[in-house]
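Report on one structure; see the data block that follows.
The values are calculated or read from the model by the stated rules, or taken from the named source; none is laboratory data. Note that the coordinates shown come from a computational prediction; the quantities given were computed from them, not determined experimentally. All Cβ positions, glycine included, derive from the backbone under ideal geometry; neighbour counts span all protein chains shown. For accessibility, only protein heavy atoms count, side chains too; no ligands or nucleic acids. Shrake-Rupley method; radii C 1.70, N 1.55, O 1.52, S 1.80 Å.
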There are 2 protein chains.
Amino acid sequence: MSTITILGAGLMGTALSWPLADNGHRVRLVGTHLDGEIIRSCLESRTHPGLRRRIPDGVQPYYVAQLPDALDGTDVIVSGVNSLGVHWIGRTLGPLLWPGALIIGVTKGLEASEVGNPRIMPDVLADELPASLRDRVTLAAIGGPCIAGELAGRRHSCVVFTSRDSGALECLRAIFATAYYHIWLSTDLIGVEACAALKNAYTVAVGIAGGLLERAGGIDEAGAHMHNLAAGLFGISLAEMTRLVSLMGGKPENVAGLPGAGDQYVTCAGGRTVRLGRLLGLGRTYTQAVAEMEGETLEGAYAIQQVARALPIWESEGLLGSTELPLMRFLGRVITEDAPAVIPFETLLEEVGATIN
Amino acid sequence: MSTITILGAGLMGTALSWPLADNGHRVRLVGTHLDGEIIRSCLESRTHPGLRRRIPDGVQPYYVAQLPDALDGTDVIVSGVNSLGVHWIGRTLGPLLWPGALIIGVTKGLEASEVGNPRIMPDVLADELPASLRDRVTLAAIGGPCIAGELAGRRHSCVVFTSRDSGALECLRAIFATAYYHIWLSTDLIGVEACAALKNAYTVAVGIAGGLLERAGGIDEAGAHMHNLAAGLFGISLAEMTRLVSLMGGKPENVAGLPGAGDQYVTCAGGRTVRLGRLLGLGRTYTQAVAEMEGETLEGAYAIQQVARALPIWESEGLLGSTELPLMRFLGRVITEDAPAVIPFETLLEEVGATIN
């Protein structure tokens, strides 16, 4: 039996309690400063309000102030926050960590460095740790298609654990894997993490098709949807993702697999990112859409902003042609310049050689 | 203005009338011996019963007996049949063709050769042509996500025209492309055609998740579907498709693009292949499912049968390990041996290195 401390009591952080508890581990669920109400609910009624489920019996809830206690004797730390919380996690954990600590993150996102290169979440987190610890802590992450509510419902989920340390991966799999939580391993940390962020970005494009359908009056008299358009944008997304993963230093193999295609497929099944795309397709500017979705974390838009910053850098370094990645450039204009979400088919078609074989 | 003769008045063959007519071409729509009722409806009321639409004004319907007239002076022939009709097309067209004829096919499928190697549809068609003509006719094909009813509704569709002859591709694009029918080009005929067939095969797997959900009682009390499982199978499908396309002699680049991921995405949106998977997931054997779906052409199952024949050949040639492609092997057992559709997670996980990077 191991002791696992989950920091961040949002949907995905908390959902990992189910396989861990089912495996008999001691699980400590620590809310962030934003999760006070969630922890109170878990303590008072054992119910997570977002997941709408009773948390498993073995799970012990903690308020953020109790973090030092929750870390006492722990074997694995789960970083369960979204991409905006990764700096906080690093700064908060930093003074409390020890050499040899093992941290696995659920965060899917990218963040541009000061010069603009997109960086993966484990590296962003590592930068917040004390320099003396940075190379003595093992960082891992989770990619692949996994809606938290389904994992908490013990539905079959196929994910990829990734880390530069293959020994740590085997250890993590032994702790987390259950008959319903199926874990593949990859040492291509950059590739898996890039896919995890980019699928959020490109799902905005697929979502636009839904808005365009509504705007065109919906399903027509003979039953035609706009599945063709959504699927076209899905396919072009994966072609561009292959290029972007390579530019970032990852292996393209994970794109046609669970971290890329699989995760984008489940993201397109619904949720915030699709809703953002729908509003854009309906004709809202990004600024208007954000106002309508007030309070929601738009990780897809955030990922687009980060990649948009990187494109001119890769161009100036001669790594990228000025018309390559036309779908991402279009998304960049929509998100950073409030450009209308009119799919630029002509531009997409010009990139025949570069993005579609 | 060109003259285009479409042989096969099914959904996709007929749907191509819309972009062609919108471009001002003369379109001749010739029913096969199975399409007599369709042609009669088109002649009497200008309505295609399957598409539930009036066919465009410029389209001239022909019965199969009138094929020689319909081919008189034509510039491009469209082979508009399903994979079971390709032999018939080749044998029927053969005596009527001329050197330099240009044929583009909509058929998505594979067919095992006598020794068992899977062959793409243009090659199967070519084999039925007179030997004197075989190398003097240009064959092309269409891949990518395109539901016929949406194309006929002038919804945006992103497809890939493929041929070994790049000059013919430019010519075909000039004839077919419209403001809603967007055409990319690829000279990787095998890769595009392999994707077109394999996405039907693997969509059976994704469809199984829908049946398993129903069998488990549907969406649970907290709202959990089985999107994670469907997406996991989708991602694993693309990883295996990458391997299979290479084995068949195609380029893997088209998998993470319109012909692979894009086409599988739209196929998973509904239709026969998903319904077959659903019945299997509900617990029917393949034999029982076929009986329930009487009369429907199950191209996904047919593609699985063809690939299943090839696996032992590739193994004996040392090209494939005996446990590689575990999802396809599972589908093969379900379709050829009436095995129960219990997803073999352990086997899928063993193939970490081979199929998931």
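Worth pointing out:
- Candidate set from segment A:277-287 (those that are among the aliphatic types (A, V, I, L, M) and under 26 Å from A:Ala148 (Cβ atoms)); member that is surrounded by the most Cβ atoms within 10 Å (Cβ to Cβ): A:Leu280
- Search result, residues across segment A:94-108 that are open to solvent by less than 10 Å² (accessible area, probe 1.4 Å) and either more than 20 Å from the chain's Cα centre (by Cα) or more than 16 Å from A:Leu11 (Cα to Cα) (or both): A:Gly94, A:Ala101, A:Ile103
- Residues being buried (at least 18 other Cβ atoms within 10 Å of the Cβ) and either part of a loop (DSSP other than H, G, I, E, B) or among the small types (Gly, Ala, Ser) (or both) - total across segment A:75-93: 7
- Checklist (1) touching a Pro at 6+ places or on another chain (Cβ under 6 Å); (2) part of a loop (DSSP other than H, G, I, E, B) applied to B:Val160, failing item: (2)
- Qualifying residues in segment A:151-167 (those that are more than 9 Å from chain B (Cβ to nearest Cβ) and open to solvent by less than 10 Å² (accessible area, probe 1.4 Å)) - the one farthest from A:Gly10 (Cα to Cα): A:Ser163
- Residue match in segment A:203-214 (condition: closer than 24 Å to A:Leu16 by Cβ and more than 10 Å from chain B (Cβ to nearest Cβ)): yes
- Of all residues making up segment B:175-192, the number that are touching a His at 6+ places or on another chain (Cβ under 8 Å) and either assigned to a loop (DSSP other than H, G, I, E, B) or at pLDDT below 95 (or both): 1
- Of the residues A:Leu213, A:Leu198, A:Leu151, the single one that is touching a His at 6+ places or on another chain (Cβ under 8 Å) and under 24 Å from A:Gly270 (Cβ atoms) is A:Leu213.
- Among the residues of segment A:41-70, those that are open to solvent by 40 Å² or more (accessible area, probe 1.4 Å), among the charged types (D, E, K, R) and either under 22 Å from A:Met1 (Cβ atoms) or under 27 Å from the mean Cα position of the chain (by Cα) (or both) comprise A:Arg46, A:Arg52, A:Arg54, A:Asp57, A:Asp69.
- Any hit, segment A:125-135, residues being within 19 Å of A:Thr74 (Cβ to Cβ), buried (at least 24 other Cβ atoms within 10 Å of the Cβ) and more than 14 Å from chain B (Cβ to nearest Cβ): yes
- Of all residues in segment A:207-230, those satisfying the criterion of being closer than 25 Å to A:Leu110 by Cα and open to solvent by less than 10 Å² (accessible area, probe 1.4 Å) are A:Gly207, A:Ile208, A:Ala209.
- Residues of segment A:162-205 that turn out to be small (Gly, Ala, Ser), farther than 26 Å from A:Arg309 by Cβ, out of contact with any Leu (no Cβ under 7 Å at 6 or more places or on another chain) and in contact (Cβ under 8 Å) with a residue 24 or more places away in the chain, as a count: 2
- Qualifying residue in segment B:315-323 (condition: within 27 Å of A:Val160 (Cβ to Cβ), more than 26 Å from the chain's Cα centre (by Cα) and of a type in the set (S, T, N, Q)): yes
- Only one of the listed residues (A:Ala140, A:Ala148, A:Ala177) is more than 10 Å from chain B (Cβ to nearest Cβ) and out of contact with any Cys (no Cβ under 7 Å at 6 or more places or on another chain). That residue is A:Ala140.
- Hey, A:Ser17 touching a residue at least 12 places away in the same chain (Cβ under 8 Å) and under 21 Å from A:Leu169 (Cα atoms) or not: yes
- Just so you know, in segment A:23-40 the residues that are in a loop (DSSP other than H, G, I, E, B) and under 23 Å from the mean Cα position of the chain (by Cα) include one that is farthest from A:Ala152 (Cα to Cα), and it is A:His33.
- Of all the numbered requirements in (1) at pLDDT below 95; (2) surrounded by fewer than 17 Cβ atoms within 10 Å (Cβ to Cβ); (3) β-branched (Val, Ile, Thr), A:Thr355 misses one, and that requirement is (2).
- Selection count, segment A:241-262, where residues are assigned to a helix (DSSP H, G or I), open to solvent by less than 10 Å² (accessible area, probe 1.4 Å) and not polar (S, T, N, Q): 8
- The set of residues in segment A:3-14 that are part of a helix (DSSP H, G or I) and either without any contact (Cβ under 8 Å) to a residue 60 or more places away in the chain or open to solvent by less than 40 Å² (accessible area, probe 1.4 Å) (or both) comprises A:Gly13, A:Thr14.
- Any hit, segment B:322-338, residues being part of a loop (DSSP other than H, G, I, E, B) and open to solvent by less than 10 Å² (accessible area, probe 1.4 Å): yes
- Selection count, segment B:234-263, where residues are more than 8 Å from chain A (Cβ to nearest Cβ) and aliphatic (A, V, I, L, M): 4
- Between A:Val342, A:Val274, A:Val266, A:Val290, the distinction of being open to solvent by 40 Å² or more (accessible area, probe 1.4 Å), within 14 Å of chain B (Cβ to nearest Cβ) and farther than 25 Å from B:Thr162 by Cβ belongs to A:Val342 only.
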